[in-house]
Every structure is written in structure tokens, then in C-alpha cells.
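**Q** Submitted below is the structure of interest, expressed as C-alpha cells.
The values are calculated or read from the model by the stated rules, or taken from the named source; none is laboratory data. Note that the structure is a prediction, hence the values are computed from the model and not measured. Neighbour counts are summed over all protein chains in view; Cβ atoms, including those assigned to glycine, are modelled from backbone coordinates with ideal geometry. Heavy atoms of the whole protein, side chains included, go into the accessibility calculation; ligands, DNA and RNA do not. Shrake-Rupley method; radii C 1.70, N 1.55, O 1.52, S 1.80 Å.
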Amino acid sequence: MAPATLPELESFARNALGARLDAAALTAAYQEYLPRRVEPIAKFQFLQEGGEPKGLFAAIGDPRFDFGKATLQLIDPPPAGPAWEFLRPFSRMVFASDGSADVYDLDGAHATRGIVRVLLREHYAPPVEGRAPKALRAATRALATPQRAVEYARQTGVAPFSIVLLLYFSEERIRYELDVLEDRLLRDIRAGRFPLSRRVRRPPRVSYGVDSYIARGGLPVVSSRVLEVVTETHGTSAVELAPVFGGARELVQTTLHGLAARRLASFDRRTGLFRPRLETFLPEGERSEAAENLPAMENPQLRTSVIELISAADSRATCPLCGDSLPSGHRGLLCARCEAEVAADPGST
């Protein structure tokens with residue numbers, strides 16, 4: 001499958017935008033993306049029952065291709081090892097219309113079900129209609145299923161260069177980045193540049209909060225990437241992160257201070273470490289409640305750990321009668337349905 005070319009990207013965007021297409025801006029975004037790509041793990045193709053394999057951009061451009069029933073198939077993936085650092089090895093993903101996916105291991109014999117959402121990483125975002133030409137919007141203000149994300153691109157003329165598949169499993173979230181232009185699964189940006197032992201596996205609910213914040217489009221790409229790394233540590237510094245982002249310590253330092261100014265991270269002057277403020281990524285109601293329930297803590301690492309424990313306990317809480325998951329913030333012993341059934345039972349005490 002041939003790589004997606006700049007003229008093809010322009011043609012795709014023009015179909016939706018017509019005269020509103022800013023070809024110069026699309027070209028600039030395309031040229032800025034190319035040198036930022038990291039090493040690939042493997043090539044991939046998309047399949048649909050009864051159809052020929054397609055590249056990702058070709059599938060996006062085909063209105064008949066249904067991503068709610070598609071399969072992402074890797075081509076000769078490498079064995080588990082350094083190439084998969086920070087990732088979960090897989091051979092294929094089978095998407096379902098409800099936004100879930102079955103992720104098969106490398107031998108294809110066992111699948112794990114997860115919830116899949118799409119984050120548009122790097123792309124051309126067209127001008128907002130009716131506003132100043134320079135007013136660009138993010139591709140989406142919320143995480144979307146693969147089917148909805150592709151529909152959005154087709155309708156709005158967003159030209160994707162890379163996308164992120166976010167797989168939420170029962171115990172963790174895994175982030176897979178796909179290069180749309182050459183159909184390549186990319187290595188995690190930290191692989192070989194940041195110690196795997198420093199990674200902290202956050203509960204899926206915490207990761208979803210971080211991902212949702214990034215999806216709003218308020219942060220530049222570099223800031224988003226730095227935030228993703230910081231939130232999966234107990235604390236890190238610009239010196240440690242510089243190799244991950246091309247060795248530019250000053251750029252990373254400025255970015256980290258920017259995240260601290262937005263209250264997305266805290267800076268410990270004693271140690272020089274930046275730590276994530278996980279409470280920022282909780283839903284607004286829970287954020288204030290968590291802050292009220294926490295005792296005063298001067299140690300930012302301890303505060304972050306307590307916030308994470310509360311969130312993890314919330315995300316794993318289940319009803320002791322039926323076993324269903326309890327909604328976050330639920331304070332009753334039973335779920336609402338079981339509480340109603342018990343209340344309606346004359347013999348209950």
C-alpha cells in the first residue's frame with residue numbers, strides 16, 4: 001500500500017471544505033509532522049469482511065468502509081521485547097460498533113476485550129467557519145469511538161497525519177500511536193529513552209481523565225506528550241525527559257513550567273521534580289469533593305498518591321449483591337437497582 005501523499009491529503013480535505021481549504025496551512029502542518037515521527041514497530045492494514053485490505057488513509061477516505069466492524073491487522077509484528085517497551089504486544093484488533101475491541105496477543109490465540117477511543121494526534125485542522133481565518137479548532141473536543149472519529153474527519157475535512165488508539169482494559173490504559181501516512185504502528189516515544197521502571201500504571205479512570213483533557217485541544221502537541229509522560233510517573237525532571245524529546249532540555253523545562261502554571265503539575269523546588277496533579281483530571285464535582293476530603297499535605301507526591309488511591313478504589317468498587325460496578329462517587333453499599341429491589345421487598349430488614 002502506497003503512502004498517503006500531500007496531494008491526496010489536500011484532495012480529501014477539499015472534498016469537505018471546498019474553497020475554505022487553506023492549502024498552505026495543510027502543507028506547513030504536514031512538513032512539521034514528518035521529522036517528529038518515531039521508529040515504527042510494524043506495518044499494518046485495515047480489513048473488512050468481504051473486502052480487500054486497505055491503508056488507514058484510504059479507509060478513512062472510503063465512505064463505505066465501516067470502522068465499527070473493522071480489523072486492524074499488523075504485518076509481521078516483532079516478538080515481545082524492546083520494540084514493545086511501554087506497550088502491550090498484539091497481532092490484531094477487532095473493533096465492534098459499541099466502541100469496544102478484542103485485542104489478540106501475538107500468536108492470535110487469546111483476545112482481551114477493551115474499550116477503544118481515538119485521539120487525533122497530529123493533523124490539519126481547518127478554519128472554523130464564520131470566524132477569523134486563523135481561528136483553528138481541535139479535531140474533536142471529546143474522545144470518540146473509531147467510527148465516530150472517522151465520521152468527524154469525513155464531514156469536517158480534518159486531515160489526520162497520526163492518531164492514537166487508547167485501549168482501556170480493566171487494570172490499565174495502553175496508548176498505541178498509528179502513523180496514517182505510511183500505515184505504521186509507532187514505538188512509544190519513551191522506548192529506549194526513559195527507564196521502564198519509572199513508569200507508573202495509573203488506573204484506567206485516571207488515564208481517561210488525562211486523555212479527555214488532552215482531547216479538548218487546549219494544549220500544543222509537545223505539551224500533550226510531556227503531560228502524558230509526567231502523569232505516568234511519581235515525578236520527573238527536565239533533565240530526565242530531554243532524551244525523550246530530542247535532547248532539548250530548555251524546551252522541556254519551559255513546557256513543564258507551562259503545565260505547572262495550568263495546575264496540571266506541581267514543581268518541587270527541593271528536588272527539581274515535576275509531579276502530576278491528578279485531581280485536575282477528575283470530573284468537576286469529584287475534584288472539589290476530593291480536595292475537601294483530603295487532609296492538608298505539603299508533600300505533593302503523597303497528595304498525588306492519595307488522589308490515585310481514591311480514584312482506583314472508586315473505579316473498582318462493585319455491588320456486593322449483583323457484582324455490577326458502582327458509579328464513581330457512589331456512597332451507598334449497594335447499587336441503585338439493588339437498593340430499589342431491597343426497599344421494595346416486604347421481608348427485607
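**Q** Would you check which residues across segment 262-286 are at pLDDT 85 or above, open to solvent by 20 Å² or more (accessible area, probe 1.4 Å) and more than 17 Å from Ser223 (Cβ to Cβ) and list them?
**A** Of everything in segment 262-286, those that are at pLDDT 85 or above, open to solvent by 20 Å² or more (accessible area, probe 1.4 Å) and more than 17 Å from Ser223 (Cβ to Cβ) turn out to be Arg269, Arg270, Thr271, Gly272, Leu273.
**Q** Return the residues of segment 85-103 that are in a strand (DSSP E or B), open to solvent by less than 50 Å² (accessible area, probe 1.4 Å) and either closer than 16 Å to Leu74 by Cα or at pLDDT 95 or above (or both); say none if nothing qualifies.
**A** Answer for segment 85-103, where residues must be in a strand (DSSP E or B), open to solvent by less than 50 Å² (accessible area, probe 1.4 Å) and either closer than 16 Å to Leu74 by Cα or at pLDDT 95 or above (or both): Met93, Val94, Phe95, Ala101, Asp102, Val103.
**Q** In the set Pro78, Pro82, which member is surrounded by fewer than 19 Cβ atoms within 10 Å (Cβ to Cβ), out of contact with any Ser or Thr (no Cβ under 7 Å at 6 or more places or on another chain) and touching a residue at least 60 places away in the same chain (Cβ under 8 Å)?
**A** Pro82
**Q** Still on this model: At pLDDT below 85 and either of a type outside the set (Asp, Glu) or in contact with an Asp or Glu (Cβ under 8 Å, 6 or more places away or on another chain) (or both) - does that describe any residue in segment 247-258?
**A** Going through segment 247-258, the residues at pLDDT below 85 turn out to be 247-248.
Among the residues that remain, those that are also either of a type outside the set (Asp, Glu) or in contact with an Asp or Glu (Cβ under 8 Å, 6 or more places away or on another chain) (or both) are: 247-248.
There is at least one residue in segment 247-258 that is at pLDDT below 85 and either of a type outside the set (Asp, Glu) or in contact with an Asp or Glu (Cβ under 8 Å, 6 or more places away or on another chain) (or both).
**Q** Looking at segment 16-52 only, could you name the residues that are touching a residue at least 12 places away in the same chain (Cβ under 8 Å), outside any helix (DSSP H, G or I) and more than 23 Å from Gly99 (Cβ to Cβ)?
**A** Once the filter is applied, which keeps residues that are touching a residue at least 12 places away in the same chain (Cβ under 8 Å), outside any helix (DSSP H, G or I) and more than 23 Å from Gly99 (Cβ to Cβ), segment 16-52 yields Leu21, Asp22, Arg37, Val38, Glu39, Pro40, Ile41, Ala42, Lys43.
**Q** So in segment 196-211, with the set limited to residues that are crowded, with 17+ Cβ neighbours inside 10 Å and hydroxyl-bearing (Ser, Thr, Tyr), which one is nearest to Pro126 (Cα to Cα)? Outline the logic, then answer.
**A** Here is the first cut: in segment 196-211, the residues crowded, with 17+ Cβ neighbours inside 10 Å are 202-211.
Those still in the list that are hydroxyl-bearing (Ser, Thr, Tyr) too: 207-208.
Details: Ser207: 28, Tyr208: 27 Å.
Here the residue is Tyr208.
**Q** Another question, if that's okay. Could you go through segment 118-138 and let me know if any residue there is aromatic (Phe, Trp, Tyr), in a helix (DSSP H, G or I) and either surrounded by fewer than 21 Cβ atoms within 10 Å (Cβ to Cβ) or at pLDDT 85 or above (or both).
**A** So far as segment 118-138 goes, no, none of its residues is aromatic (Phe, Trp, Tyr), in a helix (DSSP H, G or I) and either surrounded by fewer than 21 Cβ atoms within 10 Å (Cβ to Cβ) or at pLDDT 85 or above (or both).
**Q** Of the numbered conditions (1) at pLDDT 90 or above; (2) in contact with a strand residue (DSSP E or B) (Cβ under 8 Å, 6 or more places away or on another chain); (3) not in a helix (DSSP H, G or I), Arg190 satisfies every one except a single condition; which is it?
**A** Evaluating Arg190 over (1) at pLDDT 90 or above; (2) in contact with a strand residue (DSSP E or B) (Cβ under 8 Å, 6 or more places away or on another chain); (3) not in a helix (DSSP H, G or I) leaves (2) as the failure.
**Q** Do you know which residues across segment 4-47 are open to solvent by 70 Å² or more (accessible area, probe 1.4 Å), more than 24 Å from the chain's Cα centre (by Cα) and under 30 Å from Ser91 (Cβ atoms)?
**A** If the condition is that a residue be open to solvent by 70 Å² or more (accessible area, probe 1.4 Å), more than 24 Å from the chain's Cα centre (by Cα) and under 30 Å from Ser91 (Cβ atoms), then Glu8 is the only one that fits.
**Q** Sticking with this one: Tell me, which residue of segment 237-261 that is within 16 Å of Pro195 (Cβ to Cβ) and open to solvent by 50 Å² or more (accessible area, probe 1.4 Å) is farthest from the chain's Cα centre (by Cα)?
**A** Val239
**Q** Just name the residue that is most open to solvent (accessible area, probe 1.4 Å) out of those in segment 54-71 that are closer than 16 Å to Leu185 by Cα, out of contact with any Phe, Trp or Tyr (no Cβ under 6 Å at 6 or more places or on another chain) and not in a helix (DSSP H, G or I).
**A** Thr71
**Q** Now for a separate question. Report, by residue number, each residue of segment 197-210 that is touching a residue at least 60 places away in the same chain (Cβ under 8 Å), over 16 Å from Glu279 (Cβ atoms) and not basic (Lys, Arg).
**A** Correct list: Pro204 only.
**Q** Going through segment 220-236 one residue at a time, which ones are open to solvent by 20 Å² or more (accessible area, probe 1.4 Å) and either within 21 Å of Glu85 (Cα to Cα) or outside any helix (DSSP H, G or I) (or both)?
**A** Scanning segment 220-236 gives Pro220, Val222, Arg225, His234.
**Q** Same structure again: Can you find a residue that is farther than 24 Å from Thr254 by Cβ and in contact with a strand residue (DSSP E or B) (Cβ under 7 Å, 6 or more places away or on another chain) anywhere in segment 209-223?
**A** No, that holds for no residue.
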